[in-house]
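Right, one structure below, let's go through it.
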Amino acid sequence: MSTTLGAPRPDQATYMLRAAAGAGRGYKRELLELLDVRPGQTALDVGCGPGTDLPSLAERVGVNGTVIGVDRDPAMLAEARRRTSGLPTVRISAADAHALPVRPGTVDRAKVDRVLMHVADPPKVLEQLRAVTRPGARIALAEPDWDTLVVDASDLDTSRAFTRYTTSEVVRHATIGRGLARLARQTGFVVETVRATTPVFLDFHDADHTLGLCRNMERAIRDGHIDATRGRRWFAALSDGPFFASFTLVTVVCSR
């Protein structure tokens with residue numbers, strides 16, 4: 001990977017799989033444990049992406065359960081179907097999170113992982129979850145708070161400007177993580193657990209891939225938010241010595 005600006009944007013499925021295997025591994029394991037999926041249940045993964053978590057959910061529901069993966073991206077759906085081709089309990093549907101193709105009151109467990117920050121109307125997605133889950137169901141939500149993104153650099157002002165640009169221009173609902181519990185309560189869910197984890201990046205290349213340091217700095221320069229010389233100097237310097245970056249990710253587990 002280049003240490004200068006201009007690297008191509010990664011394939012989205014590859015990006016999500018790599019992120020899940022790297023910085024996302026710990027919180028994903030905890031999220032699935034808190035979700036407490038049991039044999040024979042119906043589990044729903046809203047915004048399943050390339051199917052990262054579908055095999056784990058299928059293992060937990062067993063041969064008498066059902067796993068439903070929903071996504072609207074054709075490339076994601078194709079990869080999810082490929083990854084679960086040998087799992088007869090998994091059903092994958094092309095649909096929008098705002099209009100879930102699931103019968104009301106039929107889901108025992110549901111997860112929405114880093115999806116609400118991108119959708120048009122997060123409260124509507126949560127209302128859909130309430131509609132399709134049965135009484136006593138458990139729902140797990142996980143979202144970052146990009147206001148907490150920190151990138152260590154001698155040029156601290158540019159690091160702060162990069163975070164501000166990410167929050168204001170790159171991610172649609174960049175601070176939704178901090179509001180998850182509130183939104184869940186407003187939808188009528190009972191909030192049981194709130195956890196905050198801090199993924200830490202010590203490798204420049206992993207951070208660049210997951211956090212979009214290169215591609216988002218390019219956008220910030222193009223949009224006139226950060227001076228070009230200053231931005232390119234900041235990015236090039238990140239690979240020169242010990243690297244550190246982190247952000248806060250919030251997990252909320254609630255019941256119907």
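The values are calculated or read from the model by the stated rules, or taken from the named source; none is laboratory data. Just so it is clear, the structure is predicted and the values come from calculations on it, not from any experiment. We place every Cβ from the backbone using ideal geometry, glycine too, and count neighbours over all the protein chains shown.
Scanning segment 143-165 for residues being in a helix (DSSP H, G or I) and out of contact with any helix residue (DSSP H, G or I) (no Cβ under 6 Å at 6 or more places or on another chain) gives a total of 8. Taking the criterion of being more than 22 Å from ASP206 (Cβ to Cβ) and either without any contact (Cβ under 8 Å) to a residue 12 or more places away in the chain or not hydrophobic (A, V, I, L, M, F, W, C) (or both), the residues of segment 24-50 that qualify are GLU33, ASP36, ARG38, PRO39, GLY40, GLN41, THR42, ASP45, GLY47. Working only within segment 62-99, note down all residues that are free of Cβ contacts under 8 Å to residues at least 60 places away in the same chain, surrounded by fewer than 22 Cβ atoms within 10 Å (Cβ to Cβ), touching a strand residue (DSSP E or B) at 6+ places or on another chain (Cβ under 9 Å) and part of a loop (DSSP other than H, G, I, E, B). Correct list: GLY65, ARG72, THR84, LEU87, THR89, ALA95, ASP96. Of the residues making up segment 144-171, just one is of a type in the set (Lys, Arg) and either under 18 Å from the mean Cα position of the chain (by Cα) or within 15 Å of LEU238 (Cβ to Cβ) (or both), namely ARG160. Restricting attention to segment 216-256, the residues that are farther than 30 Å from GLU127 by Cα, under 26 Å from the mean Cα position of the chain (by Cα) and assigned to a loop (DSSP other than H, G, I, E, B) add up to 5. Being of a type outside the set (Phe, Trp, Tyr) and in contact with an Asp or Glu (Cβ under 7 Å, 6 or more places away or on another chain) holds for only one residue in ILE221, ILE176, ILE226, and it is ILE176. Across segment 240-253, the qualifying residues are those that are surrounded by fewer than 17 Cβ atoms within 10 Å (Cβ to Cβ) and under 11 Å from ALA153 (Cβ atoms), and the one among them that is modelled with the highest pLDDT is PHE244. Filtering ALA207, ALA184, ALA140 for residues that are crowded, with 21+ Cβ neighbours inside 10 Å, touching a Cys at 6+ places or on another chain (Cβ under 9 Å), in contact (Cβ under 8 Å) with a residue 40 or more places away in the chain and part of a helix (DSSP H, G or I) leaves a single hit, ALA184. Of everything listed in (1) surrounded by 17 or more Cβ atoms within 10 Å (Cβ to Cβ); (2) under 18 Å from THR148 (Cβ atoms); (3) modelled with pLDDT of 95 or more; (4) not basic (Lys, Arg), the single unmet condition for THR175 is (1).
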